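S.K.: This is the structure I have questions about; it appears just below.
The values are calculated or read from the model by the stated rules, or taken from the named source; none is laboratory data. Keep in mind it's a predicted model, so treat the numbers as computed, not measured. Methodologically, a virtual Cβ is constructed for each residue, glycine included, from the backbone with ideal geometry; neighbour enumeration extends over all protein chains shown. Accessible surface areas use protein heavy atoms only, side chains included; no ligands, DNA or RNA. Shrake-Rupley method; radii C 1.70, N 1.55, O 1.52, S 1.80 Å.
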Amino acid sequence: MMSSKDSNNDKAIVLLSGGIDSSTCLYWAKNRGYEVHALTINYHNRWIKEIEATRSIAEMAGVELREIDAPFVMEIFNLYGLDSKNYKSDDPRWPFYIASKNLLFYAIAAHIAEYMKARWIVGGHTKEDTLFFKDATREYIDAMNSLLKHGFMLNEPAEIVVPLIDIDKYDVVRLAVELGVPLEHTWSCHLRVEEPCGRCNGCVARSNVFNALGINIRKSA
């Protein structure tokens, strides 16, 4: 999960969204003894419940949270709505796809990392993510790391690490429980609602795993 260059005295920037995966990464980095800083990107129309969850998780973890506004970045449904005929498949994740998201987000993280002299940039991609999102695969991450090695000038290049990339949601939640992640404060729903809808891909995946592990958490944020 981690490079052989791993050190317990390095700064780490964790891309935090307020969901289970990124929150688990935040606690994973803390558990390794890093000086952890959280970074979140407020893209166009990002739902406030997700932002609030991000702030809560960072506060509970006792880490600094840096919020970057990127109003030019948007999900596909902001352009085309939720009509499935606009997408390449019936996969429920399509409406919430952000074009070149990881290229953009990691570039912002790298920009901050170079000034902060941060050694690690931590992303929460899981095994399921790599099956759908082309920019979440190990090959894509390796390509970005290659660029970072050739681009940093102020200090040693940061390296993107993806500790969850080989495990599924079930094992992610098991790890989250082991690390003490406050799962009740995470937000998984994809819709702009005050309470989790219980029907979207995020809610269903969350419910299935929680039920399988015997975790009884009523709310998603």
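S.K.: Taking 20 °C and 1.002 mPa s as the conditions, I'd like the Stokes-Einstein D for the stretch 80-126 in µm²/s, using the Kirkwood hydrodynamic radius from alpha carbon pairs.
M.R.: Stokes-Einstein gives a translational diffusion coefficient of 164 µm²/s.
S.K.: Per the Kirkwood treatment, what hydrodynamic radius in Å, one decimal, follows for the stretch 42-95 from the mean inverse distance over all distinct Cα pairs?
M.R.: Radius from the Kirkwood sum: 13.1 Å.
S.K.: For helix 201-213, report the angle its Cα long axis makes with the longest principal axis of the Cα atoms of the chain; keep it between 0 and 90° and round to the nearest 10°.
M.R.: Taking the Cα atoms of the chain, the angle to 201-213 is about 80 degrees.
S.K.: Same structure, new question: Ordered by packing density, taken as the mean number of other Cβ atoms within 10 Å over each peptide's residues, highest first, how do 146-152, 59-65 rank?
M.R.: 59-65, 146-152
S.K.: Please give the per residue accessible area of the stretch 15-107, computed with a probe of 1.4 Å over protein heavy atoms only, in Å².
M.R.: Here the per-residue accessible area is 48 Å².
S.K.: Filter the cross-link list Lys11/Lys127; Lys49/Lys88; Lys117/Lys149 down to pairs whose alpha-carbon distance in this structure exceeds 20 Å.
M.R.: Lys11/Lys127; Lys49/Lys88
S.K.: Mean shadow of the stretch 26-72, computed from the convex hull of its alpha carbons, in nm²?
M.R.: Mean projected area for the stretch 26-72: 3.3 nm², to one decimal.
S.K.: Show me, bin by bin at 10 Å from 0, the whole-percent P(r) of the stretch 40-129 based on Cα pairs.
M.R.: Histogramming the stretch 40-129 at 10 Å steps yields 13, 39, 36, 10, 1 percent.
S.K.: What is the percent carbon and sulfur in the accessible area of the stretch 22-140, measuring with a 1.4 Å probe over the protein chains and ignoring ligands?
M.R.: 52 percent
S.K.: May I pose another question? Nearest 10 degrees is fine. How inclined is helix 20-31 to the longest principal axis of the chain, computing both from alpha carbons?
M.R.: Computed tilt is about 30 degrees.
S.K.: What share of the DSSP beta bridges in the chain is antiparallel, in percent to the nearest 5?
M.R.: 5 percent
S.K.: Counting just the Cα atoms, what span does the chain cover along each of its three principal axes? Round to the nearest Å and put the largest first.
M.R.: Largest to smallest, the principal-axis extents are 46, 37, 28 Å.
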